[in-house]
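The values are calculated or read from the model by the stated rules, or taken from the named source; none is laboratory data. Every value quoted in this text rests on a predicted model; they were computed, and no experiment measured them. Cβ atoms come from the backbone with ideal geometry, glycine included; neighbour counts cover every protein chain shown.
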Amino acid sequence: MGGSNGTALLELRTSQPSVFDFTSRIREVCVDVCVRTPDLAHVRLGEVAIGYRQTRKAGRYGVQATLTPMRFEAGSLTHKRRGQTWTLQRLYGRTGREMLYILSFYLPRFLDLPFSEKLITIFHELWHIAPAFDGDIRRGSGRCYAHTGGQRHFDELADRLAKRWLQAGPPRELYDFLELNFEQLRDRHGRIVGTKIPTPRLIPLSGGTP
């Protein structure tokens with residue numbers, strides 16, 4: 001593994017000169033998804049950092065993607081727990097715009113999913129973004145507020161949205177790379193690159209709001 005300016009090389013497999021930028025291509029898919037899906041019209045992708053994390057073990061099973069909110073409940077910058085006030089390390093893009101979410105895909109695991117499951121994963125994570133787009137997640141009722149109704153309910157919803165998106169006719173060249181697994185994509189392009197985003201740190205505050 002190596003890289004510069006926050007970009008890490010996943011692997012160099014062949015001597016082919018081409019390079020596949022995973023995070024740029026998956027961002028293009030997410031942008032089109034939000035434009036064509038009314039239920040996701042509130043998502044401002046310019047304030048969502050998209051990157052990848054490398055899985056230690058091969059295989060389809062395990063975490064495929066995560067959405068990290070950069071705010072606490074209702075968009076608050078601080079959270080109090082057991083008498084201690086906490087805030088979260090802030091993240092800014094190259095233009096200085098603050099990122100309110102981090103969307104991470106776990107490679108190669110995500111790319112080794114069947115095509116339909118890749119789409120479900122994308123829609124599932126984007127659906128977690130709060131309708132207010134305030135840096136918090138979409139919250140339901142009960143203790144499992146992130147997955148009210150259960151994981152299966154969320155995946156069924158994501159599947160319906162994904163099918164509607166395909167029916168809306170996005171250009172196939174936008175998403176055709178998702179029809180390949182990691183090995184096939186690497187063999188085709190020689191190397192896959194992507195942006196790694198560090199996990200934001202929780203910061204204890206001694207005097208309340210910063």
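Within the range 161-206, the residues that satisfy the criterion of being under 23 Å from L100 (Cα atoms) and in a loop (DSSP other than H, G, I, E, B) are K196, I197, P198, T199, P200, R201.
Go through the range 27-94 and tell me which strands (runs of 3 or more DSSP E), entirely inside it, have 1 or more residues that are farther than 30 Å from R164 by Cβ. So that I can check it myself, show each step before the final result.
Values: elements: 48-54, 65-69, 78-81, 84-88.
Because the criterion is at least 1 residues that are farther than 30 Å from R164 by Cβ, the strands (runs of 3 or more DSSP E) in the range 27-94 that meet it are 48-54, 78-81, 84-88.
A count restricted to the range 158-181 and to residues that are touching a Leu at 6+ places or on another chain (Cβ under 9 Å), farther than 16 Å from S24 by Cα and in contact (Cβ under 8 Å) with a residue 12 or more places away in the chain stands at 8. Checking the structure you have, find out if any residue of the range 36-51 is closer than 27 Å to R188 by Cβ, surrounded by 12 or more Cβ atoms within 10 Å (Cβ to Cβ) and modelled with pLDDT under 90. The answer is no; no qualifying residue exists.
Looking only at the range 95-120, which residues are of a type in the set (S, T, N, Q) and assigned to a helix (DSSP H, G or I)? Outline the logic, then answer.
Filtering the range 95-120 for residues of a type in the set (S, T, N, Q) gives 95, 104, 116.
S116 - this is the single residue of the range 95-120 that is of a type in the set (S, T, N, Q) and assigned to a helix (DSSP H, G or I).
Here is the figure for the range 52-75: residues that are at pLDDT below 95, surrounded by fewer than 16 Cβ atoms within 10 Å (Cβ to Cβ) and not charged (D, E, K, R) total 8.
Yes/no matrix, rows are residues, columns are (1) under 17 Å from K118 (Cβ atoms); (2) among the charged types (D, E, K, R):
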{"site": "I26", "(1), (2)": "yes, no"}
{"site": "V31", "(1), (2)": "yes, no"}
{"site": "R60", "(1), (2)": "yes, yes"}
{"site": "E73", "(1), (2)": "no, yes"}
{"site": "T78", "(1), (2)": "no, no"}
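Restricting L77, L91 to residues that are more than 18 Å from the chain's Cα centre (by Cα) and either closer than 26 Å to R172 by Cα or among the hydrophobic types (A, V, I, L, M, F, W, C) (or both) narrows the list to L77. Scanning the range 36-58 for residues that are in contact (Cβ under 8 Å) with a residue 24 or more places away in the chain, more than 18 Å from G169 (Cβ to Cβ) and among the basic types (K, R) turns up R44, R53.
Being basic (K, R) and without any contact (Cβ under 8 Å) to a residue 40 or more places away in the chain is the filter here; which residues of the range 59-88 pass it? Passing the criteria: K80, R81, R82. Apart from one condition, G96 fits all of (1) at positive phi; (2) in contact with an Asp or Glu (Cβ under 9 Å, 6 or more places away or on another chain); (3) free of Cβ contacts under 8 Å to residues at least 24 places away in the same chain; (4) not acidic (D, E); the exception is (2). Among the residues of the range 9-35, the ones that are at pLDDT below 95 and surrounded by fewer than 18 Cβ atoms within 10 Å (Cβ to Cβ) come to 10 in all.
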